[in-house]
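Comments concern the structure below.
The values are calculated or read from the model by the stated rules, or taken from the named source; none is laboratory data. All of these numbers come straight from a predicted model, not from anything done at the bench. Because the Cβ atoms are built from the backbone with ideal geometry, glycine has one as well, and the counts that use them run over all protein chains shown. Surface areas here come from the heavy atoms of the whole protein model, side chains and all, with no ligands, DNA or RNA. Shrake-Rupley method; radii C 1.70, N 1.55, O 1.52, S 1.80 Å.
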Amino acid sequence: LSHRHRVLLYNPRADFHTLPLGLLAVGSALDPERFEVRIVDGRLEGDPLATLSALVDHRTLCLGMGVLTGAPLADALAVSRGIRARFPDLPIIWGGWHASLFGEACLEEPSVDMTVRGQGEQTFAEILERLIAQASPKGVAGCSWRDAEGRVHREVERPPASVEDLPAHDYRLLPVTRYFAHKGRRQLDYVASQGCFWRCAFCADPRVYGRTWSGLSPARMLHEISGLWQEYRFGDLNFQDETFFTHASRALEFAEGLAGLDLPFTWAATMRADQGDRLRDADFGLLARSGLRRVLVGVESGDPDLLRWMQKDSTIDQVLTTLEKCRRHGIAAELPFIVGFPGEAPESVDATLSLARQLRRMAPDFQVRIFFFKPYPGAPISEAAERAGLALPRSLEDWSRFDIYTLGSWLDPGLARRIQRFDHYQRRGWDPIGPLWRRPFAALARWRCEREAFALPWEMWLARARNF
Ligand code: SF4
């Protein structure tokens with residue numbers, strides 16, 4: 001097999017532990033008879049540049065990267081520049097969310113030669129054929145590229161193929177057990193669909209996938225997942241789908257099949273509130289029996305007007321009915337909220353915190369997560385905010401410093417402090433308590449949250465100073 005072309009794929013460093021499923025999809029779509037795919041993950045390597053460099057030889061066709069906005073972009077820049085300095089002739093190709101949204105802007109970076117926008121399997125495969133033929137990617141749909149004179153070209157969009165028509169992901173391309181160690185648990189990430197039909201105005205998914213969705217059949221999911229379990233014996237399966245429950249009948253057929261297989265693992269997936277609302281109580285019973293341990297329901301806000309404005313297309317009542325069914329069947333929930341939209345009224349923040357408290361009281365394993373709004377690239381609200389005068393990051397360096405934790409310049413510092421303290425105390429008050437000595441602190445935290453009594457937060461300072 002020494003005649004095969006080597007294709008290097010790099011997953012930049014990030015502060016989350018998910019398997020690089022995008023790179024896995026792209027690598028799995030290449031013919032193994034012709035291509036030797038090597039995936040290097042910056043999170044698993046002490047010196048990723050050295051690891052990648054050691055893999056570059058006369059057979060190496062290119063280096064591809066999956067690039068996300070924020071810290072991964074900073075690492076992608078550093079590694080691309082390092083590889084370009086050592087191997088000036090090796091083509092470097094970026095894909096992933098940031099490259100999909102800013103296909104041409106990424107090419108302002110001299111070390112990046114091409115970008116892949118949207119679903120990458122077919123586009124990347126066609127680019128490789130051009131590289132083998134020493135031809136330009138002119139006409140390769142979904143690709144943006146820079147020619148020898150420095151001119152940037154944007155080829156036409158590529159409509160996403162149905163994931164059912166794409167090959168199964170070949171997990172042998174990844175050191176799966178090293179990821180278990182990295183995560184601290186035998187949890188496997190898996191994705192069974194792509195895209196999303198909805199239109200939430202803070203989200204970049206509709207821009208990248210054009211509100212299309214495709215999913216694997218339940219039969220194929222069951223076949224692949226049971227094969228993966230035989231191989232890796234994971235204890236938990238973490239679906240990375242944007243909206244797992246897009247078609248209720250498909251999700252329930254999967255759950256029924258999984259319950260029948262009786263494999264000893266749990267699973268977790270995303271569920272929109274309107275989807276959960278439509279499912280019957282008995283359906284939740286089946287989901288629980290199949291091992292569903294947690295759903296992620298994007299609540300976003302407690303203010304109905306704000307929900308309408310952000311085109312969430314689900315309601316607070318639907319959140320409550322979905323979570324009541326989860327509670328009855330012992331299914332945990334992760335509940336993200338967003339606060340601090342530019343111009344958000346204080347009453348809207350009050351409504352959000354009030355709903356967050358209500359949900360936390362419902363069950364100890366309903367975990368609320370409060371994020372400050374960030375103008376995520378490609379989302380309509382970000383573009384509207386920019387038109388209203390908000391300065392969005394411009395350069396790749398600016399986007400590489402962008403993260404979901406830092407505060408926007410439009411945020412009132414008093415409001416930011418209130419939210420941060422609420423978030424700290426709601427976690428301390430309602431998350432699983434741990435050692436007994438924490439109980440009085442948890443009770444005090446709940447008391448503070450209920451009354452919004454956040455003055456002199458000495459326990460918070462203490463916890464931070466002593467890191468407990
Ligand atoms: S937030 Fe979720 S449901 Fe809304 S558009 Fe994005 S992926 Fe779809």
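What to note about this one:
- Between 0 and 90°, nearest 10: helix 346-362 axis offset from the chain longest Cα axis: 80 degrees
- Rounded to the nearest 20 debye, the dipole magnitude of segment 1-55 is 100 debye, with +1 charges on Lys and Arg beta carbons, -1 on Asp and Glu beta carbons, and the Cα centre as origin.
- Packing-based ranking, highest mean first, of 217-228, 149-160 given that Cβ atoms within 10 Å are counted: 217-228, 149-160
- A cut-off under 14 angstrom between Cβ atoms defines the neighbours of A416, and their net charge, with Lys, Arg +1 and Asp, Glu -1, is +1.
- Computed from backbone phi with θ = phi - 60° and the Karplus coefficients 6.51, -1.76 and 1.60, the 3J(HN,Hα) list for segment 273-280 is 5, 5, 5, x, 4, 6, 6, 7 Hz; x is used for glycine and proline.
- Amide H to amide H distances under 5 Å link D189 with L19, N238, where only residues 5 or more positions off or on other chains count and H is placed in the peptide plane.
- Förster radius 22 Å - calculated FRET efficiency between R451 and A416, Cβ distance, rounded to 0.05: 0.65
- Dipole magnitude of the chain about its Cα centre (Cβ charges: Lys, Arg +1; Asp, Glu -1), debye to nearest 20: 1460 debye
- Counting protein heavy atoms only, segment 258-311 has 51 percent of its accessible area on carbon and sulfur, 1.4 angstrom probe.
- Relative to the current alpha-carbon distance between R278 and E383, full extension at 0.36 nm per residue lengthens the span by 34.5 nm.
- Ligands, DNA and RNA left out, the 1.4 Å accessible surface of segment 197-251 is 52% carbon and sulfur atoms.
- Sequence-distant residues sharing a close amide H with W410 (under 5 Å, placed H): none
- Extents of segment 46-86, largest first, come to 33, 20, 17 Å (Cα atoms, principal axes, whole angstrom).
- Protection proxy ranking of 311-319, 35-43 - average other beta-carbon atoms within 10 Å, highest first: 35-43, 311-319
- Per-peptide average of other Cβ atoms within 10 Å, ordering 182-193, 68-79, 161-172 highest first: 68-79, 182-193, 161-172
- Along its three principal directions, the equivalent ellipsoid of segment 390-468 from the Cα gyration tensor extends over semi-axes of 31, 15, 10 Å, largest first.
- Under a 5 Å amide H cut-off, with hydrogens placed 1.01 Å from N, R6 pairs with E36, T60, L61 among residues at least 5 apart or on other chains.
- Per residue solvent-accessible surface (Å²) - segment 213-312, probe of 1.4 Å: 39 Å²
- Mean shadow area of segment 63-215, taken as a quarter of the surface of its Cα convex hull (nm²): 10.7 nm²
- Label point 7 Å beyond Cα of L392 along Cβ direction - residues of segment 366-383 with amide nitrogen under 20 Å: 372-383
- Partner lysines for K183 [C-alpha distance under 28 Å; skip if fewer than 8 residues away on the same chain]: K374
- The residues of segment 402-456 present an accessible area of 59 Å² per residue when probed at 1.4 Å with all protein chains retained.
- Beta bridges by DSSP in the chain, antiparallel share as percent, to the nearest 5: 20 percent
- Descending semi-axes in whole angstrom, ellipsoid equivalent of segment 292-372, from the Cα gyration tensor: 22, 12, 10
- The stretch between F371 and S249 holds 40.7 nm of extra length on full extension. This uses 0.36 nm per residue minus the Cα-Cα distance.
- Over segment 60-121: Rg over Rh, Cα atoms, Kirkwood Rh: 0.93
- Between D313 and A345, the contour length at 0.36 nm per residue exceeds the Cα-Cα span by 9.5 nm.
- Compared with the dominant Cα axis of the chain, that is its longest principal axis, helix 218-232 is turned about 80°.
- Rounded to the nearest 500, the helix-only mean residue ellipticity at 222 nm of the chain stands at -12500 deg cm²/dmol, with each DSSP H run of n ≥ 4 adding -39,500 (n - 2.57).
- Cβ-placed point charges (K, R +1; D, E -1), dipole of segment 1-124 about Cα centre in debye, nearest 20: 160 debye
- Taking only the C-alpha atoms of the chain, the Rg (one decimal) and the largest Cα-Cα distance, Dmax (whole number), read 23.2, 69 Å.
- Counting all C-alpha pairs of segment 233-362, share separated by more than 22 Å (%): 37 percent
- Note on R86 and E324: their simple-model spin labels are 6.0 nm apart, each label 7 Å out from Cα toward Cβ.
- Segment 212-266-segment 324-399 distance, computed between alpha-carbon centres (Å): 28 Å
- For segment 239-280, Kirkwood radius (reciprocal of mean inverse C-alpha pair distance, Å): 11.1 Å
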